[in-house]
Structure formats: C-alpha cells, structure tokens
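Every read-out reported here was derived from the displayed coordinates using simple, explicitly stated rules and does not represent laboratory data. Remember, predicted model here, so these are calculated numbers, not experimental data. Glycine also receives a Cβ, built like all others from the backbone with ideal geometry; neighbour counts cover every protein chain displayed.
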Amino acid sequence: MNDPILQLDREQARKLSELGDHLRQLRQHNQLSLEQVAERTMIPVRILAAIEAGNVAQLPEPVYIQGFIRRFADAIGLNGAEFASAFPTETLQETPTTSWRGTVQAQLRPLHLYLLYMVLVIGAVSGLSYLLSRSTPQMVGLTDNAQTVQPSSHTLSPTVSRASNTSTNQAQLGPFLPAASPTIQPSTNPLVAQKPVRIGLTVTAQSWIRVEVDGKTEFEGVLPEGTQRTWMANKQLTLRAGNAGGVMISFNDGTARRLGEPGAVEEVTFDTRTQANWTLGTVDSANLTASNSNPDSDDL
C-alpha cells in the first residue's frame, strides 16, 4: 500500500514540472529574462529558475510555491490566481494526540497569574483580620461594683463616692479591658504592569513567522494552523509573515485583523504610538509600517 504523503509529494513535483515548463515557454516567447521577471515580481532569480525546472527540493513550503507561481504568471501576462490554483498545496499529516497540558488554553497567561496573586492577598488579609478579632479578650460577668465599700466614720457625699468607685474600678480592671482593635489597611496589589505593546497572533493557515521584540529576534519558524501566540514589548514589536492571509493579529487586546492576502509576504511594526491609528483602523499610517516584499533567501 502506497504512502499517501509520498503520493502527494510526487503529485506536487509532477504538477510543478508541468507548470514550470509552461511558464518558461511563455517567458521565452515574450522575450523576457529571469532577471526581468525577478524585478517585476520581487522574487529571487534562483526561486524562479527552480520553479521552471520543477525542482521542489530548492523551494519552500507548498503554500509559498503557489504564491510564487501566481506572481510569476501575472508578470508574464497570465491569470495568476487561476494558473496557480492547479498546484496542490494540501498536506496529509496525522494530528498528534496531545494532553490538555499542551493546549494553548491550558497555558497560564500573565493575567491568570495576576488574578491568582490578588486572590492570595485578599485571603491573607481576611485570615489576619479573623485571627486578630478572635484574640481580643472578652469581658464576662464584670460589674461596676467590684468591691464592697466598708463603712467609715467619715460621711462622703454621693458625688465623691461615685467618682471614687469609678476610679477604683478602672484601676483594678485596667489590665483586662479590651484594647483598641488595630486598623488593618488593605494592602496594595504589587502587580507588575503589562508592557505597553502587546500583540496577539492566531494562525488560520500554516505560515512562516518572524517576531522581533525591541530589536531582538524573539521567534522565527513555521507555525501550523490553529496556533495562538502572544508577544509583548517595551517599545517596538515587528512581525513578518510569509502567508499574510493566514495570520490574524490584534494589538493591545483589540479587534483581530487579517495581516494581508493569502500567499503574500507582509511585515508590520507596532510601537507605543500605534494605539490611536489601530483604533481608527488606519493600519498603514506612519506608526504602522507594512511592506509587500518577499522574504529573502535566509527567510525562506
């Protein structure tokens, strides 16, 4: 029994050879060189040559190959979208069974940690208040007349006698009188503020992704469909995608938007001044830079 994955690879190689040969013949008929086509499409010459030769080994993922074929065909006068649709991009991969610990939903995010810390602080304050209230001594069975006044040969006025009794009672019961309960001030929550630039990413179709946080490459690689990731930066965050149509991004927990067209390579930069433009939907302003250039040989 043949391996379906191997069959798909052979079908892609066969179809690429047919499409590449047709592109080569039409390019030569139009008297165009590979260098001229590369200037029009912004695709490296080595990629164009590999497409014409049907050399799958020198090309990236099938979804990128289809995008290159579309732009190649448009540059020499064909209907690129219709022509490129003949190249199969599907992949046959078994979905690995993962436990709940491996899912994105099970990953603790900073917000979860902050909420847990708040619950612990509130619980500690409540417990301390309860212990202090339980430790206050209770006065049971104490009366104002704790002593019997012995008769005296001197006659005291009622006012003087009452004051004397009050002073005596306070002096004797002083150590047992309840002390003033201390006032417990609610403690402030020392939560670390989130960084000012937060980008949420959802992959709806497999795409190559590179993320630079404050000038440093934080991630680079291919993310499969269904992946959800979040990155944060202090000043600036730049995201570059090889299949912009399969990438949804949200800025500072705002509305998620598609980065670009399927198969297109897009790059977008966010910083602390992007909030107003993102809210208004002007994502192509000076503070949010996008480019349609393709990845160079290192990116592919």
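Could you compute the FRET efficiency for Leu26 and Thr204, with r as their C-beta to C-beta distance and R0 at 35 Å, rounded to 0.05?
So the FRET efficiency works out to roughly 0.60.
Using 17 Å as the cut-off for backbone N distance, which residues of the range 44-61 belong to the label zone defined by a point 7 Å from the Cα of Arg14 along Cα→Cβ?
Only 54-56 pass the distance filter.
Need the full-extension length gain, Ala86 to Gln58, defined as separation in residues times 0.36 nm minus the C-alpha distance. One decimal, nm.
8.1 nm is the gain from fully extending Ala86 to Gln58.
Dipole size in debye (nearest 20) for the range 4-84 around its Cα centre, Lys and Arg Cβ +1, Asp and Glu Cβ -1?
40 debye
Taking the alpha-carbon distance from Lys195 and a cut-off under 20 Å, which lysines remain once sequence neighbours fewer than 8 residues away in the same chain are dropped?
Lys216, Lys235
Where Rh denotes the Kirkwood radius from the mean inverse Cα pair distance, what is Rg over Rh for the range 4-84?
Ratio of gyration radius to Kirkwood radius for the range 4-84: 0.96.
Taking the Cβ-Cβ separation of Leu6 and Asp74 as r and a Förster radius of 30 Å, what is the calculated FRET efficiency to the nearest 0.05?
Using R0 = 30 Å, I get an efficiency of 0.40.
State, to one decimal in nm, how far the label point of Ala124 lies from the label point of Ser250, with both points 7 Å from Cα in the Cβ direction.
With each label point 7 Å from Cα toward Cβ, the separation is 3.2 nm.
Mind jotting down the distance between the C-alpha centroids of the range 198-269 and the range 11-52, whole Å?
That distance is 30 Å.
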